[in-house]
Amino acid sequence: MSPAGLSRTMQFAHAVLAGAALGFGLWLVSPYVAGRVEPWDASFPFYGPVMLVGGALAGGRVPRHAVAFFLGVWLGQVFALAVLPGHDRTWILLGVVTTAVGGMAGVAGYLVGSFLRSRRDARRAGEESD
């Protein structure tokens, strides 16, 4: 079913889940891909590009819910900090704040992906009406 056919509540939930998957997934794979438990500590740009590209992919798939997507990205990262091994739990409050700030990169990508999808949908609608 297309996102347009879903209820607003379901679209919101899908955006939250997409964001949570990105946020948690980033922290889950970081030790294996980036070699660091904290993805922003990688020796090469890892955190920002993954957030931007992941956000753009999600925005192209589940557009129009940037706030829901941000909430999901943030909660996914906080959950990862709380449950994945290798994190010093004494820094969890700092992690809550820094993941919120870092999640904005995901939102930037999400907005780009959402914009591109809306442009594509508008173009297709114009072609169908001709």
Label point distance in nm, residue 111-residue 37, each placed 7 Å from Cα along Cα→Cβ:
3.4
For 69, 115, 44, 12, what ranking results if the residue with the fewest other Cβ atoms within 10 Å of its Cβ goes first?
44, 115, 12, 69
Whole number please: convex hull volume per residue of the Cα set in region 27-72, in Å³?
75
Over the Cα atoms, compute the radius of gyration (one decimal) and Dmax (the largest Cα-Cα distance, rounded to a whole number) for the chain, in Å.
16.1, 61
Which three extents, in whole angstrom, do the alpha-carbon atoms of region 1-63 cover along their principal axes, largest first?
43, 16, 14
Residues other than residue 81 with Cβ under 15 Å of its Cβ, Lys/Arg counted +1 and Asp/Glu -1, net out at -1
Equivalent ellipsoid semi-axes - Cα gyration tensor, region 82-130, angstrom
42, 10, 5
In the chain, which helices (entire DSSP H runs) extend 15 Å or more along their own long axis, judged by Cα positions, while averaging at least 1.0 on the Kyte-Doolittle scale?
8-33, 66-83
Extension gain residue 61-residue 89, at 0.36 nm per residue separation less the Cα-Cα distance, in nm?
6.7 nm
Extending each Cα 7 Å along its Cβ direction at residue 44 and residue 129, get the distance between those two points in nm, one decimal.
4.6
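Just so you know, all these numbers are worked out from the coordinates, no wet-lab data involved. As the structure is a prediction and not an experimental result, all values here were calculated from the model. Note that each Cβ is placed from the backbone with ideal geometry, even for glycine, and that neighbours are counted across all protein chains shown.
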